[in-house]
Amino acid sequence: MSIKTAFIYSDDYLHYYFNDDHPFNQKRLVMTTDLLRQLNLLKDEHIVAPRSATDEELSLVHDLQYIEVVREAGHTDGELAIAGSYGLGTEDVPVFRNMHEATALIVGGTLRAAELVMSGQYRHAVNLSGGLHHGFRGRASGFCVYNDCSVVIAYLRKHYDARVLYIDTDAHHGDGVQWAFYDDPNVLTLSFHETGKYLFPGTGNITERGDGQGYGFSVNVPLDAFTEDDSWLEAYYEVLPTVARGFKPDVIVTQNGCDAHTFDPLTHLSASMRIYQEIPKLARALADELCEGRLIATGGGGYDIWRVVPRAWTLLWAELSGQRIEKNIAIPVEWINKYQPESPVQLAPTLLDPEGLFPAIPRRSEITTKNKNTVEKALLYCPKG
Ligand SMILES: [Zn+2]
């Protein structure tokens, strides 16, 4: 059955653009919406335009001085000397023209999603350009200028006094969001990611559990490199319902980075498309069970824009808009023909990865055991239901 879900989108999202050589490439948004349209899953009536976040809204999380520097850097030709002190002008976050305006629109898109869901007009809302989970209070980091996830959570706290469950399934630790609410018992941050041993940002250890009143309200599940679907999903299905039922949120915010796929060039996890079918299924079921469906979904990382992101986010949207795809289906030939000429890799012919496509990982049982231990420890001090 179809349900009322908003797809927040504007072509202006494409202005969040670092340079041609940067792995963060918003072309993935174009490819995703195109695929959704061709599969007849996305229609004009789903689409809601974003708005810009105001400085006041951004400053719920970010320092005003930082906001000023972002604005100035994006309006200055040549280098702004002070930018480096704020994490700008680095290899990860190069300065680009109008970077303040481009990022404020993304944050505003996630705020719009929150307004639609909290007013009861929509059951769920999706802002795929969001999910900039590495942005800090006063510093850009990991391809993220402002942190829309943190701003929307602060906004939900301030305007709706809501208890917020944040679920982050990006392969990288959701550090910016965790640190922003580290001592807040009304915000529970839960991150499933590749261990920080060999991956940016290096944090997300099980022992990062929160501080003061917020102790137990930061939950981390750092998975071993080369973790495959079964072990990834075992951790997800073991931890998420337990924590969600214990915490009893008023609203759920999800970050849906899809860089845990084995094709992703930046990380070392070995998941297939199957986890992207399961992730939103459980998140949505818990939102229905615990908070009258209130669910705000953002995008996030995803650096195989050809084979992974459009398919993963198609599964996300299909689930959240009540158009669940149970069986594997073919990717429309027109879509493949349109993008294959510019793709450096062979595009996938089906929405899910057929079983047996990827060779088994040699240390499989060792990794599975390690992850089981991680799950056990992750659940030690958090709310449990
Ligand atoms: Zn990531």
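The values are calculated or read from the model by the stated rules, or taken from the named source; none is laboratory data. All values derive from a computational prediction rather than experimental measurement. Every residue, glycine among them, receives a Cβ derived from its backbone with ideal geometry; neighbour counts consider all protein chains shown.
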State whether one or more residues within the range 199-206 are assigned to a strand (DSSP E or B) and in contact with a strand residue (DSSP E or B) (Cβ under 6 Å, 6 or more places away or on another chain). no
Among the listed residues Leu223, Leu233, Leu199, which satisfies the condition of being within 14 Å of the ligand (Cβ to nearest atom), under 27 Å from Leu266 (Cα atoms), touching a residue at least 40 places away in the same chain (Cβ under 8 Å) and surrounded by fewer than 21 Cβ atoms within 10 Å (Cβ to Cβ)? Leu199
How many residues of the range 136-171 are touching a strand residue (DSSP E or B) at 6+ places or on another chain (Cβ under 6 Å) and within 13 Å of the ligand (Cβ to nearest atom)? The answer is 5
Which members of the range 302-353 meet the condition of being surrounded by 19 or more Cβ atoms within 10 Å (Cβ to Cβ), closer than 19 Å to Leu266 by Cα and not acidic (Asp, Glu)? Gly302, Tyr303, Ile305, Trp306, Val308, Val309, Pro310, Arg311, Ala312, Trp313
Cβ contacts < 8 Å: first residue more than 16 Å from the ligand (Cβ to nearest atom), restricted to the range 291-306; second residue aromatic (Phe, Trp, Tyr), any location; separation 6+ or different chain. Result? Trp306/Tyr339
Test Asp353 against the stated conditions and say whether it is within 16 Å of the ligand (Cβ to nearest atom) and touching a residue at least 40 places away in the same chain (Cβ under 8 Å). no
Just give me the residues in the range 1-39 being surrounded by fewer than 18 Cβ atoms within 10 Å (Cβ to Cβ), aliphatic (A, V, I, L, M) and closer than 16 Å to Gly299 by Cβ, in sequence order. Leu14, Val30
Quick check: is even one residue across the range 175-195 part of a loop (DSSP other than H, G, I, E, B) and among the small types (Gly, Ala, Ser)? no
If you scan the range 109-149, which residues turn out to be closer than 15 Å to Val253 by Cα, out of contact with any Leu (no Cβ under 8 Å at 6 or more places or on another chain) and in contact (Cβ under 8 Å) with a residue 12 or more places away in the chain? Gly109, Thr110, Leu111, Arg112, Ala113, Leu116, Asn127, Gly130, Gly131, Leu132, His133
Kindly establish whether His62 is in contact with a Cys (Cβ under 8 Å, 6 or more places away or on another chain) and either within 16 Å of the ligand (Cβ to nearest atom) or touching a residue at least 60 places away in the same chain (Cβ under 8 Å) (or both). no
Please state which one of Gln277, Gln213 is closer than 15 Å to Leu188 by Cβ and out of contact with any strand residue (DSSP E or B) (no Cβ under 9 Å at 6 or more places or on another chain). Gln213
Residue ID - surrounded by the most Cβ atoms within 10 Å (Cβ to Cβ), chosen from residues in the range 252-285 that are within 12 Å of the ligand (Cβ to nearest atom) and among the aliphatic types (A, V, I, L, M): Ala260
Would you confirm, using the coordinates I've provided, whether Tyr166 is aromatic (Phe, Trp, Tyr), closer than 20 Å to Tyr9 by Cα and either under 19 Å from the mean Cα position of the chain (by Cα) or surrounded by 24 or more Cβ atoms within 10 Å (Cβ to Cβ) (or both)? no
Go through the residues of the range 295-306 one by one and say whether even a single one is more than 28 Å from Gly142 (Cα to Cα), of a type in the set (S, T, N, Q) and at pLDDT 95 or above. no
Conditions (1) more than 25 Å from the chain's Cα centre (by Cα); (2) buried (at least 21 other Cβ atoms within 10 Å of the Cβ); number of the one not met by Leu295: (1)
Looking only at the range 307-320, filter to residues that are within 21 Å of Leu240 (Cα to Cα) and in contact with a strand residue (DSSP E or B) (Cβ under 8 Å, 6 or more places away or on another chain); which one of those is nearest to the ligand (Cβ to nearest atom)? Ala312
Residues being farther than 28 Å from Arg307 by Cα and in contact with a Lys or Arg (Cβ under 6 Å, 6 or more places away or on another chain): count how many of those fall in the range 225-264. 5
What helices (runs of 4 or more DSSP H) completely inside the range 40-137 contain at least 2 residues that are at negative phi and surrounded by 23 or more Cβ atoms within 10 Å (Cβ to Cβ)? 64-74, 99-118
